[in-house]
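Colleague: Submitted below is the structure of interest, expressed as structure tokens.
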Amino acid sequence: MKHLPRYMAMAAVLALPASLSAQSFNSGPLAGSTCTGNCGTIGANGNIGLSGNVGSTAHGWVSTASGVSAAANNVGFGLGGETNGSKLAYNFNVANNNTSLSFKFQYITSDGTSSFIEYGYAKLTDIVNSNSIILFHARTTPTGNIVPGFGLPAINATIVPSSTPVIANQTTWSPLGGSSGACFQGAAAGCGRTDWITAQYTVAAAGNYQLEFGVINWGDTAYDSGLAFDFALGQGGVPIVDDDPTKVPEPVSASLLLLGLTGLGATARRRRAVRGA
């Protein structure tokens, strides 16, 4: 058991680009999100750079530093060894069947031994029937891949890359508090980060959903870990990642389309009136 101290305007009438309608982390925490424990928003910091999404200048995070009791607050998967952690939840509505969602994640940990196997995760839950699917998880290990995390529920999303080892000893990141820059038992023990990983998932049925991002300490509360995540909210509050500037813009709603067509008709009538005067 460790006995070390804790380091604490419309571009066109008929189309609206997703990037113009999106709420992102650039302006701070997402409206309507709920934090349990320690969460926030940050730009490039220490070893954690920006996600690379077009226009992104910040991302969200959760950290075990100053976290809460995992069991008492329903943080994590309830495997039995969780001590403390943090989670952020965001509720939103998916209006159409077969809606594709995309997110980016990065996990960073100062505690990478085989005994203190902390983890981070993201899951999507259908609020009505409580069915959950796992979008992403990472788990500390001194050897092998840190993603997907061993001994955790299967990932249902497509993640790119599909697996990754830890980038050793890169733990400088202010959300880790006093653990920023630290590495329990040295670099070879498995501490470090993953770099940005993309998770993509198609929601088959329209409905009300909740996104949850969480991190867990295991066995003790020393040497912290965190999860960074980035996406934008497009029309209707649906999470999107607008990282392809060449893609076709999303169509506007029927009411906005009708408004645009009405505006075009009024303009044409005014032009005919001027010419006939």
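The values are calculated or read from the model by the stated rules, or taken from the named source; none is laboratory data. In this text the structure is predicted, and so the values were computed from the model without any measurement. Don't worry about glycine lacking a Cβ; one is built from the backbone with ideal geometry, like all the others, and counts go over all protein chains shown. Quick note on the areas: whole protein, heavy atoms, side chains included, nothing else; ligands and nucleic acids left out. Shrake-Rupley method; radii C 1.70, N 1.55, O 1.52, S 1.80 Å.
Colleague: Name the residues in the range 149-181 that are under 17 Å from T109 (Cα atoms), surrounded by 21 or more Cβ atoms within 10 Å (Cβ to Cβ) and of a type outside the set (G, A, S), would you?
Modeller: Across the range 149-181, the qualifying residues are V166, T171, W173, P175, L176.
Colleague: Residues being assigned to a loop (DSSP other than H, G, I, E, B), small (G, A, S) and over 26 Å from S179 (Cβ atoms): count how many of those fall in the range 104-140.
Modeller: Summing the residues that are assigned to a loop (DSSP other than H, G, I, E, B), small (G, A, S) and over 26 Å from S179 (Cβ atoms) in the range 104-140 gives 1.
Colleague: Among the residues in the range 141-148, are any at pLDDT 95 or above and in a loop (DSSP other than H, G, I, E, B)?
Modeller: Yes, that holds for at least one residue.
Colleague: In the range 76-93, how many residues are more than 15 Å from P239 (Cα to Cα) and among the polar types (S, T, N, Q)?
Modeller: Residues in the range 76-93 being more than 15 Å from P239 (Cα to Cα) and among the polar types (S, T, N, Q): 3 in total.
Colleague: Shifting gears a bit: For the range 25-50, which residues satisfy the criterion of being open to solvent by less than 30 Å² (accessible area, probe 1.4 Å), assigned to a loop (DSSP other than H, G, I, E, B) and at pLDDT below 95?
Modeller: G28, L30
Colleague: Turning to a different aspect of this structure: I'd like the full set of residues that are of a type outside the set (A, V, I, L, M, F, W, C), under 10 Å from the mean Cα position of the chain (by Cα) and open to solvent by less than 20 Å² (accessible area, probe 1.4 Å), limited to the range 103-126.
Modeller: Answer for the range 103-126, where residues must be of a type outside the set (A, V, I, L, M, F, W, C), under 10 Å from the mean Cα position of the chain (by Cα) and open to solvent by less than 20 Å² (accessible area, probe 1.4 Å): Q106, Y121.
Colleague: Please count how many residues of the range 51-75 are in contact with a Pro (Cβ under 9 Å, 6 or more places away or on another chain) and buried (at least 23 other Cβ atoms within 10 Å of the Cβ).
Modeller: 5
Colleague: Related question: Spot the failing condition for T221; the list is (1) under 18 Å from the mean Cα position of the chain (by Cα); (2) of a type in the set (V, I, T); (3) more than 12 Å from I108 (Cα to Cα), and only one is missed.
Modeller: In the conditions (1) under 18 Å from the mean Cα position of the chain (by Cα); (2) of a type in the set (V, I, T); (3) more than 12 Å from I108 (Cα to Cα), T221 misses (1) alone.
Colleague: Pairs under 8 Å by beta carbon, first residue farther than 22 Å from A31 by Cβ and open to solvent by less than 10 Å² (accessible area, probe 1.4 Å) in the range 207-222, partner in a strand (DSSP E or B) and among the basic types (K, R), six or more apart or different chains?
Modeller: Once the first residue is farther than 22 Å from A31 by Cβ and open to solvent by less than 10 Å² (accessible area, probe 1.4 Å) and sits in the range 207-222, its partners that are in a strand (DSSP E or B) and among the basic types (K, R) give V215/K87.
Colleague: I'm checking my understanding of the structure. Among residues of the range 76-95 that are at negative phi and under 16 Å from the mean Cα position of the chain (by Cα), which one is most open to solvent (accessible area, probe 1.4 Å)?
Modeller: Among those residues, the one meeting the criterion is N91.
Colleague: Let me ask something else. Restricting to the range 86-103, count the residues that are outside any loop (DSSP other than H, G, I, E, B) and at pLDDT below 95.
Modeller: Summing the residues that are outside any loop (DSSP other than H, G, I, E, B) and at pLDDT below 95 in the range 86-103 gives 10.
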